[in-house]
1. Within the range 20-166, how many Lys pairs that are eight or more residues apart, or on different chains, come under 26 Å at the alpha-carbon?
2. What net charge do the residues around Cys25 carry, taking every other residue with its C-beta under 14 Å from that of Cys25, with Lys and Arg at +1 and Asp and Glu at -1?
3. List the residues, sorted by chain then number, that are 5 or more residues from Val49 or on another chain and whose placed amide H is less than 5 Å from its amide H.
4. Just to confirm my numbers, what's the Cα centroid distance between the range 38-94 and the range 100-120 in Å?
5. Return the tail of the calculated pair distribution for the range 20-166, meaning the percent of Cα-Cα pairs more than 28 Å apart.
6. Can you give the Rg to Rh ratio for the range 13-54, taking only C-alpha atoms and Rh from Kirkwood?
7. Please provide three numbers in whole Å: the alpha-carbon extents of the range 19-107 along the principal axes, with the largest listed first.
8. Beta carbons within 10 angstrom, averaged per residue: use that to sort the peptides 57-66, 113-122, highest first.
Amino acid sequence: MIRPESKDKPDAPAAWQPEIIAFCCNYCAYAAADLAGARRMQYPPNIRVIHLPCTGKLAMEYVLEAFEKGIDGILVAGCLEGGCHFQEGNLRARKRTDKVRAMLDEIGIDGRRLLMVNLSAAMAPTFVERVNEIVNTVRSLGPNPLKAADSRAKCARESAHEGAVSE
């Protein structure tokens, strides 16, 4: 069945929203995120929580790969300093995130896109505040520059492919 074209104007494209990953440790940060959900506390829906046994186990290669694949911001949330269930995992994560933040500044991505916070399981309001903080920071920075570069490269590949097909 052929449907007549709608005379309504198409909806304006939605405003850009940053894509953010939150790497949360099992014992504290993930529990705080869970408590925020149980209390029906509101935070932006464009954040994806990834459950880790400990932030000390987060390889910084994964953080860099996420940025390379176009993620706009990353929140690393671990136990309170001195309260890590794996002794010093959160301290190792802090050192790693500081190094990666400096690296991001060097390569022009802006280290403010990576935030490390320390929470206890009862700190649901603080979890929500930190999520809002990273979302607002990344929103003010705009899309990940690597995402734009990836889109341009993809368009160039598609154009080259179309040219090769038409010959």
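Each reported figure results from applying straightforward, stated rules to the coordinates on display, with no laboratory input. Remember, it's a predicted structure, so these values are computed and weren't measured experimentally. Ideal geometry is used to build each Cβ from the backbone, glycine not excepted, and the neighbour counts take in all protein chains shown.
1. 8
2. Values: positive: Lys57, Arg92, Arg94, Arg96, Arg130; negative: Asp34, Glu81, Glu88.
Once positives and negatives cancel, what remains is +2.
3. Those qualifying (amide H under 5 Å, at least 5 residues apart or on another chain) are Ala22.
4. 12 Å
5. Percentage above 28 Å: 25.
6. When Rh is taken as the Kirkwood radius, the ratio is 1.06.
7. Cα extents, longest axis first: 40, 32, 16 Å.
8. On the way: 57-66: 15.4, 113-122: 21.0.
Going from most to least packed, we get 113-122, 57-66.
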